[in-house]
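S.K.: Got a structure for you, written out below as C-alpha cells; questions coming shortly.
Readers should treat all values here as calculations from the given coordinates under stated rules, not as data from a laboratory. Note that the structure is predicted; figures quoted are calculated from it, not measured. Here Cβ is always computed from backbone atoms with ideal geometry, including for glycine, and neighbour counts include all displayed protein chains.
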Amino acid sequence: MNTARFAFIPPWLDPLRAVAVAIFDSNGDLIEANEGFRFTLSPEAGCNAAQRLFEPSFAALLKMLPDETGLLYSGSIILHAGHGTKRTFAGTVYRRNQLLLLAADLDTSACESLRGENERLNQELDDTRKRLSRRNLTLQKLQDEIAALKRNDGLTGLANLKLLDARLSEEIQRWERYRRPLALVLLDLDDFGKINDEFGREVGDELLQHVATILNGATRTLDLVARYGGQEFAVLLPETNEMGAMIVAERLRMDLESMLILPLLRPLTASFGVALLQAEEKRDAYYARAGRAVKYAKSNGKNCIAMAGTIAERDHLYQSFIQENHV
C-alpha cells in the first residue's frame, strides 16, 4: 500500500473510523486507504482486493459497467477481515479509469463491537472509581484515627496535653479580645502511687479510665477535659467565673469521693487547683499557677479544692465554703 501522502483521498478522511474508504487498481492492489478501512481489517488479510472482497468479488466488479456517474455497485459489501472473520458494510464502489473507489459505512457488527467495548471500558472505569472511593474512605478513616491518636490520650480517650495546649492558647487569645471569664481546673489523684503498688498497673489504668468517665459526665460540650499527666487531669472551662469553676470542681470532688471502686476499700479522692486567667498571663504561667494551687490543696489535707491567687500567698482553700453553700 502506498504510504505517501494521500493523492486521491482527501486528508480529512484519513483519521475517520466511522467510514471506510479504499482505492484499488485494476489488478486489485490497494493504492490508498483511510483509518476506517485499515481499522476494520487485520494485516493478515492482505492488501489485494481479490483477497479482501468476498461479496461482491473483485472479479465480479471488474465485469460490471459503471453508470454515467462512475457508480459501479451499491449495496452490501462483505470483506475478509482476517483471522477467518468477515465484516459486512453498506457501501458503494465507483470506477474511474483503472481505479476502483470503495466507500462504506462502518458495519453494524463493528459498531456493536465498539459499543460493547465502550460499555466494558465504562464498567471497568466505574468499578475502578468504586474501588478508589472505598480505598479513599479507608484512607480517610485511617487518617482520622491517626489524627485522633495525636489529639487524644490512648488510655482514657480524653484530650492529650498537646490538644489542651492548643485549645488553651486559642481561649487565651479569645479572652484578650472579649475579656470573657476563663477558668482552669487541675486535679491530681491522691496517693495514686500507692494504689499502683498495692493493686498493680492494670487496676491503676482502670481507675484512670473511671475518672475520665466521671469528668466527661460532669462537664459541658463547651468544656475540654484532658489528661494532663500520669495521674493528673485538667478541665478547661470557657465562659466560667470563679464561683462557677468552684462549683464544677466541688461536684467532681464529691463524685470521686462518693464512688466505691473495687478492689479499693476506700474512696478515690483528688486534690484540686482552680485558677482564673489573669490579664497578660501566658499559657505556661497559667498552668503553673493552677498547679501551685493543687500543691496547696495537697499540703492541706488532700481531697479538697484550692483557689489560686495572683501570688502564692493568696492561694486559699474553698472546700468548706462550697460545702456550706451546697449541703
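S.K.: Report the full-extension gain for the segment ASN118 to ARG283: residue separation times 0.36 nm, less the Cα-Cα distance, to one decimal in nm. Before the final figure, lay out each step's value.
M.R.: Values: separation 165, 0.36 × 165 = 59.40 nm, distance 6.32 nm.
Value of the extension gain: 53.1 nm.
S.K.: Points 7 angstrom from Cα along the Cβ direction at ALA18 and LYS194: gap in nanometres?
M.R.: 9.2 nm
S.K.: Also, quick follow-up: Calculate, in nm to one decimal, what ARG131 and GLU176 gain on full extension: separation in residues at 0.36 nm each, minus their alpha carbon distance.
M.R.: Full extension from ARG131 to GLU176 adds 11.3 nm.
S.K.: When LYS63, LYS295 are ordered from fewest to most other Cβ atoms inside 10 Å of their Cβ, what list results? It would help to have the intermediate numbers written out before the result.
M.R.: Numbers: LYS63 8, LYS295 15.
The fewest-first ordering by Cβ neighbours comes to LYS63, LYS295.
S.K.: Between [x] 123, 47, 32; [y] 73, 56, 33; [z] 58, 45, 40, which matches Cα extents along the principal axes in Å calculated for the structure shown?
M.R.: Answer by label: [x].
S.K.: Right, here's the next one. Sorting LEU53, LEU264, LEU121, LEU61 on the 10 Å Cβ count, fewest up front, what's the list?
M.R.: Starting with the residue having the fewest Cβ neighbours, the order is LEU121, LEU264, LEU61, LEU53.
S.K.: Given a Förster distance of 30 angstrom, what is the FRET efficiency for GLU68 paired with ARG38, based on the Cβ-Cβ distance and rounded to 0.05? Let's see the in-between values first.
M.R.: Working: r = 31 Å, r/R0 = 1.05.
Between GLU68 and ARG38 the formula returns 0.45.
S.K.: Residue separation times 0.36 nm, minus the C-alpha to C-alpha distance between PHE8 and SER57: what's the value?
M.R.: Stretched out fully, the PHE8 to SER57 stretch lengthens by 15.3 nm.
S.K.: Right, something else. Going 7 Å from the Cα of ASN241 toward and past its Cβ, which residues in the range 261-305 have a backbone nitrogen under 11 Å from where you end up?
M.R.: Within reach of a label on ASN241: no residues.
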